[in-house]
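Everything below concerns the one structure shown next.
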Amino acid sequence: MDAEGLLLSLELASGSGQGLGPDRRASLLTSLMLVKRDYRYDRVLFWGRILGLVSDYYIAQGVSEDQLAPRKTLYSLNCMEWSLLPPATEEMVAQTAVVKGRFMGDPSHEYEHTELQKVNEGEKVFEEEVVIQIKEETRLVSVIDQIDKTVAIIPRGALFKTPFGPTHVNRTFEGLSLSEAKKLSSYFHFREPVDLKNKTLLEKADLDPSLDFMDSLEHDIPKGSWSIQMERGNALVVLRSLLWPGLTFYHAPRTKNYGYIYVGTGEKNIDLPFML
Amino acid sequence: MEDLTSLKQEQENQEPGKAGPPWEGKTAASPQSPEPESSEPLEEELGPDIGPQPRSRPPWSPQSKVITSLGDPKEPGASSSPASLQEPSPTPSPLALSREDLVAALRSDRTASVTLEAGTLHSDPLEQSPDKRESTPHHTGQPEANTFQQSQQPKSHVCGSTDVSYSNSKQKELRFHTFQEEDSNSEHELDQLRPGASEAVPSVLDTAIQNAKAYLLKTSSKSGLNLYDHLSSMLTKILDERPENAVDIIENISQDVKMAHFSKKLDTLQNEKEMLPTYEIAEKQKALFLQGHLEGVDQELEDEIAENSLPNVMESAFYFEQAGIGLGTDETYRIFLALKQLTDTHPIQRCRFWGKILGLEKNYIVAEVEFREGEDEEEVEEEDVAEERDNGESEADEDEEDELPKSFYKAPQAIPKEESRTGANKYVYFVCNEPGTSWVKLPSVTPAQIVIARKIKKFFTGQLDAPIISYPPFPGNESNYLRAQIARISAGTHISPLGFYQFGEEEGEEEEEVEGGRDSFEENTDFEGIQVIDLVESLSNWVHHVQHILPQGRCNWFNPIQKNEEEEEEEDEEKEEEKGEEPEFIEPEVGPPLLTPISEDLEIQNIPPWTTRLSSNLVPQYAIAVLRSNRWPGAYAFSNGKKFENLYIGWGNKYSPDNYTPPFPPPVYQEYPSGPEITEMDDPSVEEEQAFRAAQEAVVLAAEKNEETEEDEDDEDDYD
């Protein structure tokens, strides 16, 4: 959610039960302002909170002029001092896929993972148990990256693409209408499109190239991994991800208010197919 | 002069005057009427500007009159007049001088008057000349008249013979006028020619402008709009709103303007339909707020305050909010009012806001309620299906000749559910989807439901009658599953500070072998509170105050082996059972007794079962202790030393770091006793059959033989 409208956004996203305490909120308001100035971001988003056993991580993201460019991620333990996280790489994600369980809350904590590796020593081949140390920071980076890639969403029309390449915030975006707000196809993944080329020509003909340049949620696997609800009568549409429980996206139809926040343990819900 | 007179067809004055072409375009000073009186005021106006011209006034006035006459657009001959005017001037030099002076003066005047509103522009040029003459005596209106005339004349240039019905584009006309006048100011010669040219034949520029305008006004065949109007409304909108970097969003603005045309008609209908649910919910919630206005307010108030069955939800919400947990103040207040409504409509002893369970389509708001003594509503007892399935004793089969093999499968006896007010059914739960909608009571939970709920993992859809499709099949629909989960969550996560509750003193009959432990407690009135720091640091300062649910599905152990007693009898904790005497002895299940500290809770694979936090590290002296359950994500408890509260907001599932694997179906059961009737054997081969038949025949023969020997001996010979 945008740091500009933090208070309103928190209020709108409160239906999921998780929010921020008043002290955290106050600290965020001040510190995010400073982050924006220091790092010269175009927009600062408060991404959410990952609950650890000892302490929680508060995550923020900075967006540059081009809205679709990779966002910089920062974390903080006390909502005041922010540290930049390294960008995620493929190896990081693969490496941390073996780590299970909760986050500790200490970025320097190391997970130990024993692997059986075949070691060639001369002519002998034997398996050796290798203990690999994985830092929690790496795990944090890869989890945030995964969540971003799979469930960070924005409504259709909020960003538009210029012919020169960069994506901008659409200043004339006035919100989705009510009928559009209930459809999964009106929401896009906030990332570089992956499936766009796979659409048929017929579908592509209907797309507006300046608005429809990202993947919509319609074809997400598994189907039914999003729960769309209208709260407060029809005044607020809330999407909750069932794949990463804790991700809440809210949007007030016909207004410019929208945003998403993740408050959770940072673990994927692999049991989703059983639970639907 | 003669030429002049020819020009002044409609003019009364016939005096010669060199109304130079400059005057035509800029006759700000030229009087409306050719009459000398009007010229006087005109001269007066110009007086301050044109000092050295008093002497030229007399000759000037006729000039101006001539100018006026020349200004008549309907006089085609006027074009040639200026040219001819200049020739026969008796006093060319002073005239020229005066003319130039006047030009200078007029220029300044004109610019001033041009900016005057063109509101006076309206009527046809045709009418203007008679108007001019008539308005002569109206000297007061002269400045207007000046403008009038001045703008009228340029107008004549512009429209020529075309219609002058420009409704909205007067600003543009003014621009045209200034353009023209300034143009005419620049060079006298040009001016001499221009009026002539424009009046005789519209100039190339004018034609181009007219064509362009006509094109812009062309109505689109598709939409009925024209570009001119669209552009003007768009520019109006931009000028009104003044967005930043308007050029970047000009296309969107254009789209919006177009959409504004069309959406008006459909707006009312569509909006109504869409907003209907919002209004409905608002109506219901309005009813919540108005419920307080009942009759006999005073007495009711006292009653309400005395009963005190409603919890102080707002206070708890405040504390939870310190930790960042909660539903938002407004929503919580609505829930508060909904609870009040619940307590008003049902005879409730105590009520508590249990929490919120999220679902796929709708959510559940759960209230934990304890009815007043003796006010329980009777529940429909569901028939014990299991008992009827007992085939072992069925008598129907015995009538048949061919006895079917009897299965000796006996369904395990269904464990009866606990009586209300005890164990897992200690409280009654009400749910609603949104505050304002009606509360629905959830049925009591049976042990079987709890046992199976432990084996499945499902999301709630939000509809109470939705079926639960799972393996093992859940006996019931979503309301039963919801109730089972609520029971599990309560048993697992409802905690209180140590000492807040204590066992009652009257808990007699403390038998040695009491199973299940004590199940009642009461508030400790002498509770002094525990330091918040202690609450955070040590888990042993918190205890469970809800009974643990045994693997059987009940809180109090029920021995299913009761062959000697009636099967429908329910087990109370005071009753002794026959345990050791039965051959089938089942170990009674024992769980942690009531009021066990949570430090005894099992860890989940090295993860502590509870996470404790201080609500704020910045101001520790006023912070509260907040506990988060790791086993049931979404369960919270807070305490500020004296007060405490539990809350659950989540999806209603237990946490497990491993994947969920559904249980395997059991192996095929040996239902029937194996015997020759059902044992499988190979079909006999042909040889075996023949041998069998032969053997049988032999036996028959032998039997017959025996019979014969016993009978007549005479027949013996025959049977050989």
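The values are calculated or read from the model by the stated rules, or taken from the named source; none is laboratory data. Note that the structure is predicted; figures quoted are calculated from it, not measured. Neighbour counts are summed over all protein chains in view; Cβ atoms, including those assigned to glycine, are modelled from backbone coordinates with ideal geometry. For accessibility, only protein heavy atoms count, side chains too; no ligands or nucleic acids. Shrake-Rupley method; radii C 1.70, N 1.55, O 1.52, S 1.80 Å.
May I ask you to rank A:Thr114, B:Thr525, B:Thr437 by accessible area, largest first, using a 1.4 Å probe over the protein chains only? Provide the component values of the computation, followed by the final result.
Values: A:Thr114 80, B:Thr525 125, B:Thr437 30 Å².
Correct descending sequence by accessible area is B:Thr525, A:Thr114, B:Thr437.
When you look at the Cβ of every residue in A:19-29, what mean number of other chain Cβ atoms sits within 10 Å? Don't skip to the end; give the middle numbers.
On the way: counts 8, 4, 11, 5, 8, 6, 2, 1, 1, 0, 0.
Per-residue shielding by partner chains comes out at 4.
So for the range A:220-276, averaging the separation of alpha carbon pairs under 8 Å that are six or more residues apart and normalising by length, what relative contact order in percent results? Walk me through the intermediate numbers first.
Values: 86 pairs, mean separation 15.2, N = 57.
Relative contact order of the range A:220-276: 27 percent.
Just tell me how shielded A:44-56 is by partners: mean number of partner chain Cβ atoms within 10 Å of each residue's Cβ, no decimals. Kindly include the intermediate steps, with their values, before the conclusion.
On the way: counts 0, 0, 0, 0, 0, 1, 0, 5, 1, 7, 2, 3, 4.
Per residue, the number of nearby Cβ atoms from other chains is 2 on average.
Rank these by accessible area, largest first, 1.4 Å probe: B:Met681, B:Met259, A:Met80. Show your work: numbers first, answer last.
Details: B:Met681 150, B:Met259 115, A:Met80 90 Å².
Largest to smallest exposure gives the sequence B:Met681, B:Met259, A:Met80.
For the pairs B:Lys362/B:Lys654; A:Lys256/B:Lys222; A:Lys182/A:Lys256; A:Lys223/B:Lys458; A:Lys183/A:Lys204, flag any whose C-alpha to C-alpha distance is greater than 22 Å. Intermediate results must be reported in sequence, preceding the final value.
Values: B:Lys362/B:Lys654 20 Å; A:Lys256/B:Lys222 32 Å; A:Lys182/A:Lys256 16 Å; A:Lys223/B:Lys458 16 Å; A:Lys183/A:Lys204 19 Å.
Distance filter (> 22 Å) returns A:Lys256/B:Lys222.
Enter the mean projected area of the convex hull around the alpha-carbon atoms of the range A:134-183, in nm², rounded to one decimal. Mind showing how you got there, number by number?
On the way: hull surface 22.5 nm².
Approximately 5.6 nm², given one-decimal rounding.
Applying the Karplus parametrisation 6.51 cos²θ - 1.76 cosθ + 1.60 with θ = phi - 60° to the phi angles of the range B:693-702, what ³J(HN,Hα) value in whole Hz is obtained for each residue in order, glycine and proline being reported as x?
Taking θ as phi minus 60°, the curve returns 5, 4, 4, 5, 4, 4, 5, 4, 4, 4 Hz for the range B:693-702.
Give me the percent relative contact order of the range A:117-204, please, defined on Cα pairs under 8 angstrom at least 6 residues apart. List each step's numbers first, then the result.
On the way: 58 pairs, mean separation 21.0, N = 88.
Relative CO of the range A:117-204 lands at 24 percent.
With a 1.4 Å probe and all protein chains in place, put A:Met214, A:Met230 in order of accessible area, largest first. Write down the numbers at each step before the final one.
Numbers: A:Met214 5, A:Met230 45 Å².
Largest accessible area first, the list is A:Met230, A:Met214.
May I ask you to give the average projected area over all directions of the convex hull of the Cα atoms of the range B:585-702, in nm² rounded to one decimal? Write out the running numbers ahead of the final one.
Numbers: hull surface 70.1 nm².
Convex hull of Cα atoms, orientation-averaged projection: 17.5 nm².
May I ask you to give the percent of accessible area on the range A:58-179 that is carbon plus sulfur, with a probe radius of 1.4 Å?
Reported share for carbon and sulfur atoms: 52 percent.
Can you work out the base-10 log of I(q)/I(0) for the range A:117-267 at q = 0.08, 0.11, 0.12 1/Å, using the Debye formula on its C-alpha atoms alone?
-0.33, -0.53, -0.60
Dividing the convex hull volume of the alpha carbon atoms of chain A by its residue count, what do you get in Å³ per residue?
Numbers: hull volume 48.8 nm³, N = 276.
About 177 Å³ per residue, rounded to a whole number.
Taking the Cβ of A:Leu85 as the center, what net charge do the other residues with Cβ under 9 Å away carry, scoring Lys and Arg +1 and Asp and Glu -1? Please list the in-between numbers first.
Details: positive: A:Lys72; negative: A:Glu137.
That works out to 0.
Which order, highest average first, do B:616-622, B:439-445, B:662-668, A:269-275 follow once you tally other Cβ atoms within 10 Å for each residue and take the mean per peptide?
Working: B:616-622: 11.6, B:439-445: 19.3, B:662-668: 8.1, A:269-275: 16.7.
Result, highest mean first: B:439-445, A:269-275, B:616-622, B:662-668.
Please compute the average number of Cβ atoms from other chains found within 10 Å of each residue's Cβ in peptide A:6-18. Provide the component values of the computation, followed by the final result.
On the way: counts 0, 0, 0, 0, 2, 4, 1, 1, 10, 7, 8, 16, 8.
Counting Cβ atoms of other protein chains within 10 Å of each residue's Cβ and averaging gives 4.
Taking only protein heavy atoms and a 1.4 Å probe, what accessible area per residue, in Å², does chain A have with all protein chains in place?
On the way: 12740 Å² over 276 residues.
Value returned for chain A: 46 Å² of accessible area per residue.
Pairs of Cα atoms under 8 Å, at least six residues apart: use those to get the relative contact order of the range A:24-149, whole percent.
19 percent
Between the range A:82-100 and the range A:13-80, how many Å separate their Cα centres?
Taking the Cα centre of each part, the range A:82-100 and the range A:13-80 sit 19 Å apart.
Under the Kirkwood approximation for Rh and a Cα-based Rg, what ratio Rg/Rh is obtained for the range A:78-130? Don't skip to the answer; put the middle values down first.
On the way: Rg = 16.8 Å, Rh = 14.6 Å.
For the range A:78-130, the value is 1.15.
Ignoring ligands, DNA and RNA and using a 1.4 Å probe, state the total buried accessible area between A and B in Å², rounded to the nearest 100. Don't jump to the answer; show the numbers that get you there.
Numbers: alone 14750 and 42360 Å², together 53180 Å².
Counting protein atoms only, the buried area is about 3900 Å².
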